[in-house]
Amino acid sequence: MLTLFRLAFLASCLLYLVQAQAEPVAEFFGRQGSSHTNNWAVLVCSSRYWFNYRHMANALGMYRTVKRLGIPDSNIILMLADDAACNPRNKFPGCVYSSSAKTLDLYGDNIEVDYRGYEVTVENFLRVLTGRVEPSVPRSKRLLTDDRSNVFIYMTGHGGNEFLKFQDSEEISAFDIADAVAQMWEKKRQVYLPSLSAPTDRVLNACTRYNELFFMIDTCQANTMYSKFYSPNVLATGSSVIHENSYSHENDRDIGVAVIDSYTHYVLEYMESINKTSQATMQDLFDTYDPAKIHSHPGVRPDLFPRSLRDTLVTDFFG
Amino acid sequence: MGKVQDVLRKVKQKLRGDGNPTVAKIRRQRALRDRLWRGLPFIRLLLFTVGYVWMLVIPSSQLGQGTYIDENALQPGQVNMYWNWEEVHRADQILADLEQLRDRNATSDEIAQYSVAVFEKLGIPARTQRYSFDAVGQVINGTNAYAVLQSPRASGTEAIIISASWLSRTGEGDGTLNLRGVSTVLALAEYLKKYSLWAKDLVFVISDGYLDGMQAFISTYHGESQSNMRAEPLSLQSGVVWTALNIDYPGHSFSHLGLFFDGLNGRLPNQDLLNSVSLISRHSAGVPILIYDHIDPREARNLPSLLPSWFPKALKENPDVQEYAARARNIYRQVNYQARGAASGVHGLFHQFRIDAITLFAVPANGPHGFHALGRVLESSLRTCNNLLERLHASFFFYLLVGPGLFMKIGSYLPSAILVGTAMLFSGLGEWINAGWIHSIAQPAQGDHEENKKVATQAAVVKWRTRHRPVLQPIVIMVLTHLLGALLFFLVSSSWFSARRTMNGIVLFLAFSAIPLALSQVVPPSPASHASIPAVLKAFNLCFASALISITAVLNFPLAATLAVLLGLPLTFAPTSPPASPVPSRVAKYAAYATLALGWLVFCPEEVRKAVWNWEVLRVWFAPFVCVVYVPLVLQAGLVSLLPS
């Protein structure tokens with residue numbers, strides 16, 4: 001009799017505890033914030049040669065920012081089409097600067113370039129996004145996202161109306177990227193998940209490859225590149241509208257070429273004010289766009305994105 | 001659908017008339033041919049007029065466009081230049097050494113050894129190269145010095161050549177020394193070695209003489225040999241050369257940098273190199289740029305006007321006329337160099353190996369610039385050349401530079417020569433057709449006397465009939481004239497001729513004028529029923545000359561334009577003499593043509609010497625061209641007027 005009463009008491013205590021925890025827990029999981037658990041970044045510089053130094057500086061600047069805000073190297077795919085730091089024309093060998101003050105070496109310590117040189121191709125980029133890589137491709141070169149990953153894709157290079165030039169020999173079109181992202185949304189990935197009943201079974205888990213995707217592109221006529229997305233949960237922004245060029249920001253007179261593009265420069269400048277705990281929203285970021293300073297008209301495409309931009313933190317994608 | 005076809009048929013009937021459509025077509029074609037034939041003199045006149053007027057209009061201020069940088073990789077003028085007074089001081093020290101060498105009449109070997117010593121002390125491997133040319137009775141000797149600064153971080157597959165010749169290009173190599181140019185190269189070597197940002201090997205060349213030294217060097221570098229050249233092989237290797245800069249600094253200071261760009265046989269470097277150096281000089285170093293050494297009298301008031309004194313004042317002060325005169329001066333000089341196939345400087349020897357090269361000529365003046373400015377221009381230009389990832393290919397290879405920063409694309413000037421060639425072609429075809437027909441007036445049948453007189457005048461029927469055109473004889477005549485030309489060339493380039501040029505020039509002139517005269521006596525006249533030989537010869541002559549002008553126009557426009565001017569009207573209007581014309585008049589006409597063909601032997605012995613030297617040493621084909629192609633063509637026209645038709 002007493003045991004029964006004690007059991008009931010214990011059960012009710014447990015229930016109460018669970019209930020007590022449930023509220024803040026439910027609140028934590030149920031608030032109108034992002035439902036992601038991990039962040040990934042894919043940073044692509046698609047142009048090679050010395051005079052495209054600024055594109056590599058763009059990508060490296062974004063890489064540094066993303067790392068500073070907390071995404072580890074294992075979650076970053078950095079694709080650089082050429083090696084500006086070790087180019088024989090570089091007056092500062094082994095260094096890549098994004099401003100002529102040369103205070104910050106972007107190629108300093110701890111850089112992990114995943115796809116380098118001629119490996120940066122349209123095919124590899126699409127394979128990375130869709131996950132259709134050869135079995136021999138190492139883990140560091142795979143985008144191992146799941147349905148709780150927020151993915152940040154940043155692309156820079158020479159582009160035009162609905163295309164981006166890769167490596168001087170091929171192009172990727174806006175349709176290709178849109179289709180790849182669509183595949184990411186629909187992609188069913190095999191997940192090795194042994195169940196309790198059958199430890200050696202493989203269970204096919206249906207899960208998309210991203211929770212939310214933020215696409216940023218800095219090229220000429222960049223906004224045309226995101227015009228073809230049709231998958232949900234995609235937020236996109238670009239540096240210039242159709243028929244408009246994107247301009248470089250600054251030339252360094254010792255390196256001899258332009259070192260950073262306008263749009264990326266101002267975005268990175270804003271990001272310097274963000275840290276890991278910042279509550280700044282995406283709307284704040286987009287509000288800093290100033291066409292007069294950037295010399296082109298950046299655009300935003302929020303229609304596929306479910307949440308309001310005022311509720312989306314910058315660190316949802318960048319950290 | 002059927003109705004539409006009906007309508008179409010009715011329209012066609014109205015336009016073309018009833019009856020057999022084939023007959024109508026043939027009638028139409030005949031009518032067109034007749035109209036063309038009757039209009040031929042007019043068409044010819046029109047083409048000649050447009051062609052020649054176009055040539056005169058080329059320097060107009062309304063034509064031309066601004067130069068621009070086409071190759072994106074170049075990025076000229078984007079770098080800081082750190083060449084400063086220390087480097088200038090070093091250049092001054094080297095200059096003092098060179099002046100000492102000059103003052104004690106040092107030999108070529110000693111000068112080359114000095115340069116090698118300077119390079120070696122800097123740690124840049126350097127060697128000398130002895131060479132000798134057997135040219136036109138003289139032996140040209142010399143010693144080049146060269147050094148290869150290997151690219152510190154790159155593989156050295158490509159190279160940039162920085163050169164200075166011992167003799168300056170002043171007066172086309174009249175013996176003025178280029179001491180400061182050599183000092184600049186040596187001081188540059190020391191300065192450039194401090195930087196590790198060279199993606200290409202830097203090859204420094206101090207070539208001996210004016211053009212001969214570099215010819216020996218660059219031919220040996222590319223593995224080419226000449227029968228009359230003996231040059232030591234190069235023991236230091238480097239990569240493929242894409243660009244080359246030659247420095248010519250004869251005076252003490254300079255006010256402008258003149259850009260010289262004409263190459264052998266009328267080749268030009270890619271315009272991007274010129275434009276880059278021009279931009280760098282003007283914007284980064286503050287040194288104004290000139291085309292050649294033509295200082296514009298509109299900027300330097302102390303210089304005499306380009307226009308002759310007898311020009312009316314109103315025209316002289318008209319800005320368009322002044323612009324025309326300035327451009328015409330530039331174009332004339334360019335035509336002068338390119339038509340003769342002569343290089344305007346050492347850079348001209350590089351173009352044959354697909355190397356884009358120019359000479360930076362420091363126009364002597366009391367002016368503000370010296371080693372400091374020149375060094376900075378060169379430093380920035382070399383950084384720009386360093387940025388290249390592939391050979392210059394984007395900008396123009398065919399252009400007329402009409403002013404610093406102004407040029408004309410090929411489409412703006414090429415048609416002028418082609419039009420003249422076309423006019424000659426039409427003339428030739430007209431002559432050919434003419435030669436194939438003979439007309440005779442047939443009398444009507446006899447009748448009453450009085451009636452006959454009236455009828456006779458009215459019914460005189462002009463009948464055309466074809467006649468045979470002799471082809472073999474004119475072709476044999478043409479071939480013989482060309483062989484004569486080859487013989488002329490052989491004699492002109494022999495040492496016998498160069499011994500006493502003026503005297504022998506007159507001898508050759510008389511001899512080669514007389515030979516066709518004598519040979520024409522043995523030409524059998526064609527029978528009356530056949531076309532006359534001179535007529536057919538004129539047709540062939542014109543067609544051949546037209547083809548020559550058109551083909552040359554796309555290779556070397558100035559040469560084609562010169563041919564168009566010299567050959568156009570004389571060949572087209574070569575008078576064929578009727579059989580009854582007296583011999584003296586025919587010989588007089590022939591003599592005029594002979595003077596046009598061979599007069600240069602008498603009047604321009606210096607040009608002949610230069611042309612032969614260019615052929616011997618540099619393989620410029622102007623001299624053989626004149627002898628084997630131009631002279632025979634004009635002699636053929638002379639024969640047209642000499643032979644009785």
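What to note about this one:
- Of all the numbered requirements in (1) surrounded by fewer than 15 Cβ atoms within 10 Å (Cβ to Cβ); (2) at negative phi; (3) more than 14 Å from chain B (Cβ to nearest Cβ), A:Gly117 misses one, and that requirement is (2).
- Meets criteria (more than 26 Å from B:Gly171 (Cβ to Cβ) and either in contact (Cβ under 8 Å) with a residue 12 or more places away in the chain or within 14 Å of chain A (Cβ to nearest Cβ) (or both)) for B:Arg333: no
- Any hit, region B:428-440, residues being surrounded by 24 or more Cβ atoms within 10 Å (Cβ to Cβ) and over 30 Å from B:Gly181 (Cα atoms): yes
- B:Val455 passes every criterion in (1) assigned to a helix (DSSP H, G or I); (2) at pLDDT 90 or above; (3) over 25 Å from the mean Cα position of the chain (by Cα) apart from (2).
- The number of residues in region B:62-82 that are more than 14 Å from chain A (Cβ to nearest Cβ) and buried (at least 19 other Cβ atoms within 10 Å of the Cβ) comes to 2.
- Any hit, region A:267-281, residues being in contact (Cβ under 8 Å) with a residue 24 or more places away in the chain, under 22 Å from A:Gly159 (Cβ atoms) and within 14 Å of chain B (Cβ to nearest Cβ): no
- Residue list for region B:397-411, restricted to those being surrounded by fewer than 20 Cβ atoms within 10 Å (Cβ to Cβ) and in contact with a helix residue (DSSP H, G or I) (Cβ under 9 Å, 6 or more places away or on another chain): B:Phe397, B:Phe398, B:Gly405, B:Leu406, B:Ile410
- Screening region A:210-230 for residues that are more than 18 Å from A:Ile172 (Cα to Cα) and assigned to a loop (DSSP other than H, G, I, E, B) and picking the one that is farthest from the other protein chains (Cβ to nearest Cβ) gives A:Asn211.
- One residue stands out in region A:238-251 among those that are buried (at least 24 other Cβ atoms within 10 Å of the Cβ) and among the hydroxyl-bearing types (Ser, Thr, Tyr): the one that is nearest to the other protein chains (Cβ to nearest Cβ), namely A:Ser246.
- Matching residues in region B:46-94 - criterion: being farther than 21 Å from B:Leu400 by Cβ and of a type in the set (A, V, I, L, M): B:Leu46, B:Leu47, B:Ala73, B:Leu74, B:Val79, B:Met81, B:Val88, B:Ala91, B:Ile94
For (1) acidic (Asp, Glu); (2) surrounded by 16 or more Cβ atoms within 10 Å (Cβ to Cβ); (3) under 18 Å from B:Leu211 (Cβ atoms); (4) modelled with pLDDT of 95 or more, each residue gets a yes or a no:
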{"residue": "B:Leu98", "(1), (2), (3), (4)": "no, yes, no, yes"}
{"residue": "B:Ser155", "(1), (2), (3), (4)": "no, no, no, no"}
{"residue": "B:Ala159", "(1), (2), (3), (4)": "no, yes, no, yes"}
{"residue": "B:Ser165", "(1), (2), (3), (4)": "no, yes, yes, yes"}
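- Qualifying residue in region B:554-577 (condition: touching a Leu at 6+ places or on another chain (Cβ under 9 Å), at negative phi and exposed (fewer than 15 other Cβ atoms within 10 Å of the Cβ)): yes
- Residues satisfying the stated conditions in region A:250-280, i.e. among the hydroxyl-bearing types (Ser, Thr, Tyr) and not in a helix (DSSP H, G or I): A:Ser273, A:Thr277, A:Ser278
- Within region A:46-76, being among the hydroxyl-bearing types (Ser, Thr, Tyr) and within 14 Å of another protein chain (Cβ to nearest Cβ) holds for A:Ser47, A:Tyr49, A:Tyr53.
- Matching residues in region B:346-394 - criterion: being surrounded by fewer than 21 Cβ atoms within 10 Å (Cβ to Cβ), in a loop (DSSP other than H, G, I, E, B) and of a type outside the set (A, V, I, L, M, F, W, C): B:Arg354, B:Asn366, B:Gly367, B:Pro368, B:Gly370, B:Glu390, B:Arg391, B:His393
- Subset of region A:138-168 that is within 21 Å of A:Ala57 (Cβ to Cβ), at pLDDT 90 or above and more than 15 Å from the chain's Cα centre (by Cα) - its residue that is surrounded by the most Cβ atoms within 10 Å (Cβ to Cβ): A:Leu164
- Being within 14 Å of another protein chain (Cβ to nearest Cβ) and buried (at least 23 other Cβ atoms within 10 Å of the Cβ) is a condition met by at least one residue of region B:202-224.
- Subset of region A:77-110 (residues that are assigned to a loop (DSSP other than H, G, I, E, B), more than 14 Å from every other protein chain (Cβ to nearest Cβ) and touching a Leu at 6+ places or on another chain (Cβ under 9 Å)): A:Val96, A:Ser98, A:Leu106, A:Tyr107
- Strands (runs of 3 or more DSSP E) wholly inside region B:105-200 that include at least 3 residues being within 14 Å of chain A (Cβ to nearest Cβ): B:158-165
The values are calculated or read from the model by the stated rules, or taken from the named source; none is laboratory data. Here the structure is a predicted model, which means the values were calculated and not measured. Counting neighbours? That spans all protein chains shown, and the Cβs are built from the backbone with ideal geometry, glycine included.
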